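I have placed the structure first, in the form of structure tokens, so that the comments after it can refer back to it.
The values are calculated or read from the model by the stated rules, or taken from the named source; none is laboratory data. Since we're looking at a predicted model, the values are computed, not measured. Virtual Cβ from ideal backbone geometry, glycine too; neighbours counted across all protein chains shown.
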Amino acid sequence: MYEGALNAVFNIEKKDYPSYIGGLKVASGRSFDVVSPIDRTIVFGRFQEPEEGLTDKAVEAAAKAYVSWSETSPAERAGYFETALDFIRKQRYRLAGILTLNAGMIRKDSLEEVDRLIEIIEDTCAFVREGECDDPTGVWGVITSYNSPLAAPMGFAISAMLKGNTVVLAPSGLVPMPVYSVYSILETAHLPGGVLNLITDKNGTSAKALAENTELAGIAFSGSGVLAEDMMFTQMNVDLDFINETKGMNPIFVYKPAHMKEAAKLVVDSAFTYSGQRMDSTSKVVVTADEADAFQRALLTELRNVKVGDPTDRESTMGPVISEKDMERLLCAAESYRDNLIFGGKRLRGEFLNDGYFVSPAVFVGLPEEHDLNNMDNSLPILSIQVAQGLEDAVELINSSEFGVSAGIITKDSAAAEFFLGNVLAEEVFINDSSRVVGPAPKV
């Protein structure tokens, strides 16, 4: 079913995609092509570059729609999204195929991304029908990156709308197709015009303009890189509600595990799912000096099982990075710090790979403690191994990094796990598992 849907998506008629403002299609006459990271010769369609001031008009349209939408009952609002949810379930494989071709996700990850959105809608509809949600507050801006190209943007947006708010959504210009596909489903479910407004561009200017609009009641942000930095330094109204889900390093501490091979397997899964670009992907692993050599050997053995290739291929366990720019960032890091590189960091070529952004995951060891790769997330398939002198030192190393939503420990030592839980500063902590299990469901 997945492969049939994938083939249908691949052969879909290419067309122009406008902005959607107040239920109307808005074009500017200036467009940009969206290509697949699997093969840059695959063009999905042309998306409209918004004219200056269009983001403000989208907020105005959302404010106008808010007057009537906020007065609808929770049950009526839930009805729209339960109808849409039925369509989403039926189009599960189609949406997964769009994610594979547009974002480069392997089939497992793309299906998981669709299922996360389904879970968010199910949970929020039930929550709203029980009458436990807060009163609506106004127009929300939802700004997201490619790290979660479907569950985050539509999860935040639908959660906000279910609670009586209206939304202006600015998805990543690199991966807009999944969001546009669900917008089409919401149109089929007869969601009133202006409740959801959709605008995207190639370089993130609409996202910045949206963040600076003073008429918003709230902003939900999810992403990484320059966009995340822009959000941190944007001047915002003190009364503005702000939800910030910034991708971090999601570090893991390996300490006296039951099985070193299994620990290495969990670290590889954490680090290189969706090419290290997921919100919960791990960028740093900490080990003690006593176990560093054993862990490194186990990790290098496990890395041989990572099969980088065309994500439409069932055998592939990792696809491409999202863009040529990101591919070059990884290659530059590998060249700059090659004395510390123990695995990968190369561009991969071959049949079906030459026109895509395929790289082998890069693993570094022995970088200086203050090095950026030990402390700042890069949203790439890069893993840095840091050596600690003991349990307390390891927790300090983890707490000094930009850890994002989570941190974890892999250990059979219950006292060490208890110490870790009590002292690590992450919002989410996982034990003896992959970091991918704790990704928060985006909700407003």
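Some observations on this one:
- Exclusive hit being closer than 23 Å to ILE219 by Cβ and among the acidic types (Asp, Glu), set GLU60, GLU3: GLU60
- Breaking point among (1) over 30 Å from VAL308 (Cβ atoms); (2) in contact with a Leu (Cβ under 8 Å, 6 or more places away or on another chain); (3) surrounded by fewer than 19 Cβ atoms within 10 Å (Cβ to Cβ), for THR55: (3)
- Close pairs from segment 402-425: first closer than 20 Å to GLY223 by Cα, partner polar (S, T, N, Q), Cβ under 7 Å, at least 6 apart: GLU402/ASN375; PHE403/ASN250; GLY404/THR246; GLY404/ASN250; VAL405/ASN250; SER406/ASN250; SER406/SER435; ALA407/ASN250
- All of (1) more than 20 Å from ALA103 (Cα to Cα); (2) without any contact (Cβ under 8 Å) to a residue 24 or more places away in the chain hold for TYR337 with one exception: (2).
- Every condition in (1) within 19 Å of VAL175 (Cβ to Cβ); (2) touching a residue at least 60 places away in the same chain (Cβ under 8 Å) is met by LEU303 except one, and the failing one is (1).
- Failed item, numbered, when GLU119 is tested on (1) under 30 Å from GLY4 (Cβ atoms); (2) in contact with a Pro (Cβ under 8 Å, 6 or more places away or on another chain): (2)
- Here the condition is being among the hydrophobic types (A, V, I, L, M, F, W, C), in contact with a strand residue (DSSP E or B) (Cβ under 6 Å, 6 or more places away or on another chain) and free of Cβ contacts under 8 Å to residues at least 60 places away in the same chain; of LEU169, LEU196, it holds for LEU169 alone.
- Matching residues, segment 378-404, being among the polar types (S, T, N, Q) and under 24 Å from ARG338 (Cα atoms): ASN378, SER379, SER384, GLN386, SER401
- Restricting segment 322-347 to residues that are of a type in the set (A, V, I, L, M, F, W, C) and closer than 17 Å to VAL268 by Cβ leaves a set whose member that is surrounded by the most Cβ atoms within 10 Å (Cβ to Cβ) is LEU330.
- ASP293 vs. criteria farther than 19 Å from MET105 by Cα and either at pLDDT 95 or above or surrounded by 23 or more Cβ atoms within 10 Å (Cβ to Cβ) (or both): yes
- Within segment 425-439, being surrounded by fewer than 16 Cβ atoms within 10 Å (Cβ to Cβ) and either touching a helix residue (DSSP H, G or I) at 6+ places or on another chain (Cβ under 9 Å) or modelled with pLDDT under 85 (or both) holds for LEU425, ILE431, ASN432, ASP433, VAL437.
- Evaluation of SER184 against (1) without any contact (Cβ under 8 Å) to a residue 40 or more places away in the chain; (2) within 25 Å of ILE322 (Cα to Cα); (3) part of a loop (DSSP other than H, G, I, E, B) (one fails), failing number: (3)
- Unique residue being in the same structural domain as ARG129 (by TED's automatic domain parsing) and modelled with pLDDT under 95 when the list is GLY164, GLY173: GLY173
- The set of residues in segment 407-439 that are of a type in the set (S, T, N, Q), in a helix (DSSP H, G or I) and more than 21 Å from THR246 (Cα to Cα) comprises SER414, ASN423.
- Residue under evaluation LYS307, criteria (1) in contact with a Leu (Cβ under 9 Å, 6 or more places away or on another chain); (2) under 26 Å from GLY356 (Cβ atoms), criterion not met: (1)
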